[in-house]
1. In the chain, if the dipole is taken from +1 on Lys/Arg beta carbons and -1 on Asp/Glu beta carbons about the Cα centre, which of 304, 403, 93 is farthest to the positive end?
2. Given points 7 Å out from each Cα along the Cα-Cβ axis, report the residue 620 to residue 342 separation in nanometres with one decimal.
3. Quick check: from the Cα gyration tensor, does the chain come out rounded (a/c under 1.5), prolate or oblate?
4. Tell me, 128, 551 in order of fewest to most beta-carbon neighbours within 10 Å?
5. Using the 10 angstrom Cβ neighbour count as an exposure proxy, how do 91, 119 rank, fewest first?
6. Please work out how much length the chain gains when fully extended from residue 287 to residue 88, using 0.36 nm per residue of separation minus the C-alpha to C-alpha distance, in nm with one decimal.
7. Using θ = phi - 60° and the Karplus curve 6.51 cos²θ - 1.76 cosθ + 1.60, what whole-Hz ³J(HN,Hα) does each residue of the stretch 58-68 get, with Gly and Pro shown as x?
8. Of the lysine pairs in the stretch 276-390, how many meet both conditions: Cα atoms under 22 Å apart, and a spacing of 8 or more in sequence or different chains?
Amino acid sequence: MQTISVRDQHGKAEDRKAEQALAQLEGVGVIRRALKTAPKGPGVYRMLDAGKEVLYVGKAKSIRKRLAAYAAIGRLPIRLQRMVARTREVVFVTTESESEALLLEANLIKRFRPPFNIVLRDDKSFPHILIRTDHAFPAIAKHRGAQKAKGHYFGPYASAGAVNRTINTLQKAFLLRSCTDAEFESRSRPCLLHQIKRCSAPCVGRIGKDDYAALVDDAKRLLEGRARDLQLRLTEEMNAASQALDFERAATLRDRLRALNAVQAQQETGTRLKEADVFAIADRAGRSAIQAFFFRAGQHRGNAIFFPRHAPEEKPARIVSAFLAQFYRDHPPPKRIIVDLSPEGSELLTSALSRIAERRVAIEVPKRGPGRKAADAARRNAEEALARKLVEWTDGAEIRQRLAEIFGLSRPPGRIEVYDNSHLQGSQAFGAMIVAGAQGFERQAYRRFRIRDRGASPGDDYAMMREVMRRRFAARSGEGEDRHGERPDLLLIDGGRGQVSAVREVLIDLGLDDIPVIGIAKGPARNAGREEFHLADGRRLLLPERDPVLHYLQRLRDEAHRFVIAGHRARRLKAARRSALDAIPGIGPKRRRALIAHFGSARGVADASLAELARVPGISKAMARTIQEHLHGRE
């Protein structure tokens, strides 16, 4: 048996410290030797370890001055001291300017992914829509990568799915071909896409060159954001064809209008941003998330979330700066880049991105207007995404063990159910349940509850919570609605003592009073960082601001809040988008479908004459008059 004394352990610790000190001295020696030949001008330097692996890539206005700072190791943070200790070689490359150095630094970081740099992870090229111009009958296609083919590129789109949906709808609207040139030349009869009205079959002469070119121009107008003019022209042509009794052409134009409206609905945005990328960062517990929104031609082309790799002590401004430099290495910068905070070295970054774009690029931190609204929305999305990601990164077993100790639970909870409510001035009330297990969020177990109790006072949170609890657990008492029968180990309620009491009241009635309940409420002055926890016995707890258990429970509460608000927002949006036709007396689903099918949209119905309305199957002259009076008022 080997016995290790405290003195032996102390001696080994001292030995490790001595080894680290020797390594630091050796690393400093390497840097000081490199200083002798280091250039005074701008450039990029690389720190290499004994195995020639890149530890760090940096840029500098003066390489010699920057390296001299590393030689003063006592002034460096611990992280950089470790880097210097591992450094065995320094390589540098001079550049013409500091902005060129910034671009080279981004290229090398993307190539080597050094452990001591801020690194953009999970980066990829974003797809575009390409309309080729090197053929008499241009094709429409999804494109990713270098833009070498001749044609018009529209994008970026945040996902391949968004591109596929848009191309599919454009084919319905404008009947553009999507086949390869080889397939086009080899066709002797129309393909299946022509049979299902997705292609005009130019390969076999079913459409002339000029008519096809007109369809291509219309598709380009839509993708360039000139949809309104196109919509008005197609509506006029459809009405003219209908009046001329050319119903086949009118139906074709109607279908085109419907497809056009579908594309607009996919890409509609509540802002007036024409061409801009919007970025916002959220940081918590040494991690960060950056949310990106893409706007082109006044259309929202989608969004993406990124989780850069960086040291816990990195400042958000520096993270954003490094992120933008690396992101635009592969993506053409737009005219405007909107951020929620000013990146470090903003002027240098602007110069470098303008150099990439070969035109002026502006980096803005708007204080008001559409840009500010978009940045705020991106920030909210970043915070929600980071909260969800942090739950995945957290060591769940250790956190749950501490949670049980703090709140006096008999064992670490396995299944945690979190509840939140939402309503709009007492109406459209919803409750929501999210579930967190040992492996993170269990989204298949999430559930929303539409509040049914009409007798409760509007906005009565206690009554809403009681109803949600009864419906969640009623099956256990034989009353039967529960589809999530697994028993929870802990209930976390968004609310204070009143909400906890309401939940306990239901659990006692159902014989489930042994399920622990904790309420999480905003602290003094509703400070989101100083939550109070309410226990069933009336006690209140405050956790230290940096306590991992506090962060964990905050993330669970935030996920429940996100889930219930998402459902509430979807419900309100559905109600807001309900056709004006729904409110017309005598217009049910069948007549509404007939009107929309005939005129393409509710706007088309509103613009129709009395005679045109009366031609729709199921619409009499009296009903046509009712429709006009309702939509336009009595003359």
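Any read-out appearing in this document is the output of simple, stated calculations on the displayed coordinates, not a laboratory observation. Note that the structure is a prediction, hence the values are computed from the model and not measured. Using ideal geometry, Cβ is built from the backbone for each residue, glycine included, and neighbour counts are taken over all protein chains shown.
1. The Cα lying farthest towards the positive end belongs to 93.
2. Label-label distance for residue 620 and residue 342, simple model: 7.1 nm.
3. Details: a/c = 2.65, a/b = 1.24, b/c = 2.14.
Taking the square roots of the gyration eigenvalues as a ≥ b ≥ c, the chain is oblate.
4. Numbers: 128 22, 551 18.
By the 10 Å Cβ count, ascending: 551, 128.
5. Details: 91 13, 119 19.
Ordered by Cβ neighbours within 10 Å, fewest first: 91, 119.
6. Working: separation 199, 0.36 × 199 = 71.64 nm, distance 2.96 nm.
So the chain would gain 68.7 nm between residue 287 and residue 88.
7. Whole-Hz 3J(HN,Hα) from phi for the stretch 58-68: x, 10, 7, 5, 9, 4, 4, 5, 5, 5, 4.
8. Working: 315/367; 315/389; 335/367; 335/373.
Lysine pairs satisfying the spacing and distance rule in the stretch 276-390 number 4.
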